[in-house]
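Working notes, beginning with the structure itself.
The values are calculated or read from the model by the stated rules, or taken from the named source; none is laboratory data. Computed from a prediction, not measured in an experiment: that's the story for all the values here. Here the Cβ positions follow ideal geometry from the backbone for every residue, glycine too, while neighbour counts run over all protein chains shown.
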């Protein structure tokens with residue numbers, strides 16, 4: 001299988017590349033400036049890509065079976081504060097990126113798209129979405145150590161999901177657990193749909209490594225085409 005990964009130097013994207021290569025897939029790794037990459041692994045090709053330029057995306061994804069997008073403004077793996085600031089400054093960028101990706105897929109209708117989004121659009125109770133409530137959202141951001149202004153970015157991720165939901169392309173939206181951080185690759189987690197997956201302590205959590213496992217699992221065996229899914233321990 002030939003996978004493309006947008007945001008391949010990012011926290012999740014870099015693990016997706018590693019996971020896909022470990023399973024024997026061919027990977028095209030996209031980043032803003034591929035000239036800065038020093039790569040010695042086989043089966044991976046690096047390319048520069050502007051996600052917001054649909055024509056650039058369409059030209060770059062020819063031959064891919066699945067495109068996994070971990071797009072973020074800036075590079076959170078290198079400077080999380082910069083990514084947070086950029087997301088607050090222009091929360092519409094996530095929906096803009098979603099539209100660009102869908103436009104690119106018009107010329108590649110058989111390529112599946114998996115978008116790595118946010119957890120704020122998950123239903124914490126039937127019909128209750130955290131992103132729709134300032135009180136719930138601020139409480140969650142406080143617990144994660146993020147500024148309350150980041151609420152705009154959380155809603156930006158929700159808007160990107162809504163853009164995808166209007167499309168007839170082969171899209172999937174991945175909402176990670178609320179608490180996601182680098183850790184151990186266990187390969188043991190549970191999968192959900194529109195509600196967070198909680199552990200015995202009522203926490204929604206996952207390692208970045210296991211998120212990569214779930215994403216490559218979905219690429220190999222699609223279960224959530226034109227749907228959202230999430231995971232947790």
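Residue 120 - would you say it is modelled with pLDDT under 95, farther than 30 Å from residue 134 by Cα and touching a helix residue (DSSP H, G or I) at 6+ places or on another chain (Cβ under 9 Å)?
Spelling it out, it is not the case that residue 120 is modelled with pLDDT under 95, farther than 30 Å from residue 134 by Cα and touching a helix residue (DSSP H, G or I) at 6+ places or on another chain (Cβ under 9 Å).
Which of the residues spanning segment 7-32 are under 10 Å from residue 46 (Cα atoms) and in contact with a strand residue (DSSP E or B) (Cβ under 6 Å, 6 or more places away or on another chain)?
Selection gives 8, 27, 28, 29, 30.
Out of segment 20-35, which residues are in contact (Cβ under 8 Å) with a residue 60 or more places away in the chain and either crowded, with 24+ Cβ neighbours inside 10 Å or within 12 Å of the chain's Cα centre (by Cα) (or both)?
Residue satisfying the conditions is 20 alone.
Among (1) touching a residue at least 40 places away in the same chain (Cβ under 8 Å); (2) more than 22 Å from residue 153 (Cβ to Cβ); (3) in contact with a strand residue (DSSP E or B) (Cβ under 7 Å, 6 or more places away or on another chain), which single condition is residue 49 missing?
The single condition residue 49 does not satisfy is (2).
Are there any helices (runs of 4 or more DSSP H) wholly within segment 76-181 with 1 or more residues that are within 18 Å of the chain's Cα centre (by Cα) and either surrounded by fewer than 19 Cβ atoms within 10 Å (Cβ to Cβ) or without any contact (Cβ under 8 Å) to a residue 60 or more places away in the chain (or both), and if so which?
Values: elements: 80-89, 93-105, 134-144, 151-165.
Passing ranges, in order: 80-89, 93-105, 151-165.
Across segment 186-207, which residue is farthest from the chain's Cα centre (by Cα) among those that are surrounded by fewer than 20 Cβ atoms within 10 Å (Cβ to Cβ) and in contact (Cβ under 8 Å) with a residue 60 or more places away in the chain?
It comes out as 195.
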